[in-house]
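The values are calculated or read from the model by the stated rules, or taken from the named source; none is laboratory data. This structure is a prediction, so every number in the text was calculated from the model and none was measured. Don't worry about glycine lacking a Cβ; one is built from the backbone with ideal geometry, like all the others, and counts go over all protein chains shown. We work out accessible area using only protein heavy atoms, side chains counted, and drop any ligands, DNA or RNA first. Shrake-Rupley method; radii C 1.70, N 1.55, O 1.52, S 1.80 Å.
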Protein chains: 2
Amino acid sequence: MTEKKIKAALYLLPVGLSETPPEETVPQINIEILRQLKWLVVENLRTARRWIKRFERDIDIDSIHFAELNEHTEPGEISEMLDPLRRGEAMGLMSEAGCPAVADPGAALVGLAQREGLKVVPLVGPSSILMSLMASGFNGQHFTFHGYLPVEDGERRRKLLGLERESQKTGATQIFIETPYRNNKMMQAITETLMDDTQVCVATSITDPESEDIRTKSVREWRKEGYDYGKKPTIFLLSAGMVHMNNEKKRRNRK
Amino acid sequence: MTEKKIKAALYLLPVGLSETPPEETVPQINIEILRQLKWLVVENLRTARRWIKRFERDIDIDSIHFAELNEHTEPGEISEMLDPLRRGEAMGLMSEAGCPAVADPGAALVGLAQREGLKVVPLVGPSSILMSLMASGFNGQHFTFHGYLPVEDGERRRKLLGLERESQKTGATQIFIETPYRNNKMMQAITETLMDDTQVCVATSITDPESEDIRTKSVREWRKEGYDYGKKPTIFLLSAGMVHMNNEKKRRNRK
């Protein structure tokens, strides 16, 4: 591959979701681009350095200027992070795992770049939301990602019932996440609250060749066959509606 | 990279969104896996062959068994496509562009594989939904993808107003697509219908290094500055709510 010259842009650099080697989770071009970046805004400095080293052993990491942007960053500190790009220098944004600026504080930096008309270039990488949706077999023509559901048990069950109703009504797939140590509690709430025939896909350790596991079953089956998603990164998808194949066909024919 | 041995699974193989070389849009591992697959279910035979040839010139394409799964396929024809996997042979699924089984008929095949407890493995690749969301600066903690909106002008405007209200109420980003030749009509409906301060991101030719363009502006600015998205593949994102940074902070601290 010929070396690409990078532009004055904010490159959004995905990071792997698992211990899988970078060349198995992102395209080669991401390495080419990273090699040329001297300014990086990262969610966590230690994780970012580690990923870069795995990504490209020969990189001169001390020549990179890092800024940290995470939940501890004050809104007033964000603007100056864009100064290199304002001067015409390329920059990168990296989250702790997966695609930056989706469900992480990096979105604020991207929003600011957009408001100032600065160029933003997203790169290809692993997204547990999209990959689990692909593998679920559920409706991908209409879906909602909800992030985290409420932690309190009663509130969470009410929310789950709301998502089930929404999916029944609209046919839309409902997607949400949980912190690993609460996965089994989530599965308990799901199996005790939702209807027998509601379909639930549980996707765990996505992109990890050893432990990746993505299964779609009815609530009845999950209840009967049991589960243990103890400490693994997991994403949940719910479908209580029919996938309206005929409508989809109609829409596609408009192309 | 060491050659990975593939498993008896349905591999979901993303395809590029633009004329960009495959090595710039998917990880190396996808090529390794494709090279070992002898059974492929594809949305369009001609497009699939062309992609494979660009992907890996040395591949013996005549040794691959192809089946076509698209809007013309009858539901009763789908099951037999899984026969190789039922016998323990690895298979692949490819759509015409982007990630398979998201907004294409391949979802039916994946759904069937899941119902039979067959292994499904999604691979990394470009998704215009996720990449535009990353680059929009909008809320990625809560978003809905709606596929196509209604074609009829009055219905479409009502739908747009509904999405705006939904985003105001929940803070969720609303994402939708249109067929390229109707993009400007969509932009007209957006600029004539929505509120001045509603933010709209228009992402066009994603991953195409020459013509990719992703811009977030208020409806007021779009109206004033004009637009022309004539024949380019485009995705639209709308945000009328505040991104609830404090809530997000709270949620993230639960990790």
In Å², nearest 100, what accessible area do chains B and A bury in total when the solvent probe is 1.4 Å?
-> 6200 Å²
Neighbouring partner chain Cβ atoms per residue of B:19-26, average, 10 Å criterion | 4
Quick one: what are the phi-derived ³J(HN,Hα) couplings along segment A:40-50, Karplus 6.51/-1.76/1.60 with θ = phi - 60°, whole Hz, x for glycine and proline?
-> 10, 9, 10, 6, 9, 4, 5, 4, 5, 4, 5
For B:VAL121, list long-range residues whose amide hydrogen, built 1.01 Å from N in the peptide plane, is under 5 Å from its own amide hydrogen.
-> B:LEU10, B:TYR11, B:LEU12
Dimensionless Rg/Rh of chain B, both radii on Cα and Rh by Kirkwood, sits at 1.02
What are the distances, in nm and sorted shortest first, from the label point of B:GLU152 to the label points of the same position in each other copy, with each label point placed 7 Å from Cα along the Cα-to-Cβ direction?
-> 4.4
Distance in nm between label sites at A:LYS53 and B:LYS53, each 7 Å beyond Cα in the beta-carbon direction?
-> 4.6 nm
Considering the dipole of chain A built from charges on the beta carbon (Lys and Arg +1, Asp and Glu -1) around the Cα centre, which of A:MET134, A:GLN36, A:TYR181 is farthest to its positive end?
-> A:MET134
Starting from the Cα gyration tensor of segment A:128-244, take the square roots of the eigenvalues, sort them a ≥ b ≥ c, and report rounded, prolate or oblate (rounded when a/c is under 1.5, otherwise prolate if a/b is larger than b/c, else oblate).
-> rounded
When you look at the Cβ of every residue in B:166-176, what mean number of other chain Cβ atoms sits within 10 Å?
-> 1
Take chain B, connect every pair of alpha-carbon atoms lying under 10 Å apart with a spring to form a Gaussian network, then pick out the residue of B:LEU237, B:LEU149, B:LEU40 with the largest mean-square fluctuation.
-> B:LEU149
In percent, how large is the relative contact order of chain B, given Cα pairs closer than 8 Å and 6 or more residues apart?
-> 21 percent
In peptide B:143-152, what is the residue-averaged number of other protein chain Cβ atoms found within 10 Å of each Cβ?
-> 6
Which pairs break 32 Å Cα to Cα here: A:LYS217/B:LYS38; A:LYS7/B:LYS119; A:LYS119/B:LYS119?
-> A:LYS7/B:LYS119; A:LYS119/B:LYS119
Residues with amide H under 5 Å from that of B:TRP39, placed H, sequence gap 5 or more | B:HIS65, B:GLY92
Mind listing the phi-derived Karplus ³J(HN,Hα) values for segment B:120-126, rounded to whole Hz, using 6.51, -1.76 and 1.60 with θ = phi - 60°, and x for any glycine or proline?
-> 10, 10, x, 9, 6, x, x
Tensor-based shape of the protein assembly as shown (alpha-carbon gyration tensor, a/c under 1.5 rounded, otherwise prolate or oblate) | rounded
Step through the residues of segment B:68-80 one at a time and calculate ³J(HN,Hα) from phi using the Karplus curve (6.51 cos²θ - 1.76 cosθ + 1.60, θ = phi - 60°), rounding each to whole Hz and writing x for Gly and Pro.
-> 9, 10, 8, 5, 8, 6, 7, x, x, 8, 6, 4, 5
Using a 1.4 Å probe over the heavy atoms of the protein chains, calculate the carbon and sulfur portion of the accessible area of the protein assembly as shown as a whole percent.
-> 47 percent
Segment B:1-103 shape via C-alpha gyration tensor axes, a/c threshold 1.5 = oblate
If one compares the long axis through the Cα atoms of helix A:183-193 with the longest principal axis of the Cα atoms of chain A, the angle in degrees, nearest 10, works out at 30 degrees
Listed residues A:THR204, A:THR234, A:THR73; largest mean-square fluctuation, Gaussian network over chain A with Cα springs below 10 Å, found at A:THR73
How do the peptides B:190-197, A:104-111, A:158-165 rank, highest first, by the average count of neighbouring beta carbon atoms within 10 Å per residue?
-> A:104-111, A:158-165, B:190-197
Dipole magnitude of segment A:1-89 about its Cα centre (Cβ charges: Lys, Arg +1; Asp, Glu -1), debye to nearest 20 | 320 debye
Accessible area per residue, Å², the protein assembly as shown with all protein chains present, probe 1.4 Å = 42 Å²
